[in-house]
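Everything on this sheet refers to the single structure shown next.
The values are calculated or read from the model by the stated rules, or taken from the named source; none is laboratory data. This structure is a prediction, so every number in the text was calculated from the model and none was measured. Cβ sites come from the backbone with ideal geometry, for glycine too, and all protein chains shown count toward neighbours. In case anyone asks, the SASA skips ligands and DNA or RNA and just uses the protein heavy atoms, side chains included. Shrake-Rupley method; radii C 1.70, N 1.55, O 1.52, S 1.80 Å.
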Amino acid sequence: MNKFLLALAAGLLLANITTADVPPPPPPKGKKYIPVTSEVVLGKDVTGYVFVTQVSTFPARGATHAKVELAAGKAVAMPASGRRTFVELIAVPQDAAKEFKTDAELFAALGANKVKGAQRLGFSGTATVADTIKGDSVKWTHTINAIDAKGIKTKVEGEGYEVPVPKKGKEPVAPFGSLMVGGSVALAVVLGGLWLVGRTRRKV
């Protein structure tokens, strides 16, 4: 392993430590953080896919997969997300799924993100909702209305859910849990890049 990869690995380690130990920032005024449980309903016009859940744990503990049977109009609970657990539902085109002889081969390919046409839907384990919401958690229902090359299209309903409003020219803001995961990787890349720049300057 060269020194750049060592620096990148150190960045990932630091990012994981940061994610694990630093509490989230305070919620906006009038808001609070609350755990979310998610369920999925398949739209009646959505066909031709095999569905698989992927549960990833951090730092670097791998992922587990399981097939899930979705039927039109029937809600199916998703695995629980958490601060160090990220849950995705993966829609695999049936023709692509048939290329694998066993579920284990399919799961391995999904874990490596090597299944053609597969689309993913992530679920946040924590939401920011109005502090007037009662109870210790909320449940959100994700109805899959369509799946195409751009992703899984859903309608989300449930207590406290608010449709993300993107700023002009920007994508909708990701849930807090997704930001933490993405931020860890970004921090690692930045730290590795800073080391490389510093190394290059020292050679000049």
Q: Only residues that are in contact with a helix residue (DSSP H, G or I) (Cβ under 9 Å, 6 or more places away or on another chain) and open to solvent by less than 30 Å² (accessible area, probe 1.4 Å): list them for the range 48-76, please.
A: 52, 54, 56
Q: Would you point out the residue of the range 126-149, among those that are in contact with a Lys or Arg (Cβ under 6 Å, 6 or more places away or on another chain) and open to solvent by 50 Å² or more (accessible area, probe 1.4 Å), that is modelled with the highest pLDDT?
A: 145
Q | residue 97, sole failed condition from (1) of a type outside the set (Lys, Arg); (2) at pLDDT below 95; (3) in contact with a helix residue (DSSP H, G or I) (Cβ under 9 Å, 6 or more places away or on another chain); (4) within 30 Å of residue 146 (Cβ to Cβ) | A | (2)
Q.
Show the residue pairs meeting these rules: Cβ distance below 8 Å; 6+ apart or different chains; first residue within the range 16-33 and among the β-branched types (Val, Ile, Thr); second residue in a helix (DSSP H, G or I) and at pLDDT below 90.
A. 18/184; 18/187; 19/180; 19/181; 19/183; 19/184
Q.
Condition first: over 17 Å from the mean Cα position of the chain (by Cα) and in a strand (DSSP E or B). Now tell me which residues in the range 126-142 satisfy that.
A. 129, 130, 138, 139
Q. Name the residues in the range 101-125 that are surrounded by fewer than 17 Cβ atoms within 10 Å (Cβ to Cβ) and either in a loop (DSSP other than H, G, I, E, B) or not charged (D, E, K, R) (or both), would you?
A. 101, 102, 104, 108, 111, 112, 113, 114, 116, 117
Q. Taking the range 1-47 on its own, how many of its residues are open to solvent by 60 Å² or more (accessible area, probe 1.4 Å), at pLDDT below 50 and within 21 Å of the chain's Cα centre (by Cα)?
A. 4
Q) Do the conditions hold for residue 92, that is, is it modelled with pLDDT of 95 or more, not aromatic (Phe, Trp, Tyr) and not in a loop (DSSP other than H, G, I, E, B)? A) yes
Q: State whether the residues of the range 150-169 include one that is surrounded by 11 or more Cβ atoms within 10 Å (Cβ to Cβ), under 28 Å from residue 31 (Cα atoms) and among the small types (Gly, Ala, Ser).
A: yes
